[in-house]
């Protein structure tokens with residue numbers, strides 16, 4: 001799904017407004033790209049809960065949209081032998097994620113791309129993880145349903161995907177993790 005220029009501006013403005021509602025500001029990178037989601041790391045127990053809820057195994061390819069420091073795909077590779085692809089607009093986060101993968105010894109299993117999630121081809125993913133704001137999750141839903149194969153799992157930390165009812169939900173302390181499976185088309 002490629003957003004038209006006007007739709008993209010509206011999505012960015014909506015994201016900025018949503019951030020303001022959470023007391024956060026959008027990050028503007030040197031290239032001028034507006035990142036309309038805050039960088040908030042996922043706690044280790046939530047990462048474990050997300051991967052467990054997804055049922056990740058060695059045959060999976062886990063895509064983390066808005067990967068930050070890469071901890072989710074690195075954990076999927078280290079703990080389960082899965083392949084991983086991390087996507088982030090922030091070049092500093094991508095560099096950090098690559099360094100973290102080298103330190104963890106999983107750089108042969110994971111890839112990190114400085115890319116817009118809307119420009120990312122998701123067809124190879126068997127699991128997609130999200131820790132994005134509600135408006136961005138909702139905007140991604142048609143892309144997830146349109147590009148992922150039936151049976152692919154979508155896991156979101158904290159925020160649902162609009163009215164798409166999750167099949168499972170896990171609560172860890174104050175965190176909520178949701179799971180959906182892409183249905184037959």
(request) Name every residue in segment 123-163 that is in contact (Cβ under 8 Å) with a residue 40 or more places away in the chain, in contact with a strand residue (DSSP E or B) (Cβ under 6 Å, 6 or more places away or on another chain) and buried (at least 18 other Cβ atoms within 10 Å of the Cβ), in order of residue number. (result) 125, 126, 127, 128, 129, 130, 131, 153, 155, 157
(message) The conditions are (1) closer than 11 Å to residue 63 by Cβ; (2) without any contact (Cβ under 8 Å) to a residue 12 or more places away in the chain, and residue 120 fails exactly one of them. Which is it?
(response) (2)
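Yes or no, residue by residue, for (1) buried (at least 19 other Cβ atoms within 10 Å of the Cβ); (2) at pLDDT below 95; (3) in a helix (DSSP H, G or I):
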{"position": "25", "(1), (2), (3)": "no, yes, no"}
{"position": "32", "(1), (2), (3)": "no, yes, no"}
{"position": "49", "(1), (2), (3)": "yes, no, yes"}
{"position": "52", "(1), (2), (3)": "no, no, yes"}
{"position": "58", "(1), (2), (3)": "no, no, no"}
{"position": "63", "(1), (2), (3)": "yes, no, no"}
{"position": "67", "(1), (2), (3)": "yes, no, no"}
(request) Inspect all residues belonging to segment 168-179 and state whether any of them is closer than 17 Å to residue 42 by Cα, touching a helix residue (DSSP H, G or I) at 6+ places or on another chain (Cβ under 8 Å), buried (at least 18 other Cβ atoms within 10 Å of the Cβ) and at pLDDT 95 or above. (result) yes
(message) Let me spell it out: the conditions are (1) under 19 Å from residue 118 (Cβ atoms); (2) modelled with pLDDT of 50 or more; (3) buried (at least 16 other Cβ atoms within 10 Å of the Cβ); (4) in contact with a helix residue (DSSP H, G or I) (Cβ under 8 Å, 6 or more places away or on another chain), and residue 11 meets all of them except one. Which number is the exception?
(response) (2)
(message) residue 95 - would you say it is more than 24 Å from residue 143 (Cα to Cα), surrounded by fewer than 24 Cβ atoms within 10 Å (Cβ to Cβ), modelled with pLDDT of 95 or more and under 16 Å from the mean Cα position of the chain (by Cα)?
(response) no
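The values are calculated or read from the model by the stated rules, or taken from the named source; none is laboratory data. Values in this document were obtained by computation on a predicted structure and should not be read as measured data. Cβ: placed from backbone, ideal geometry, glycine included. Neighbour counts: every protein chain shown.
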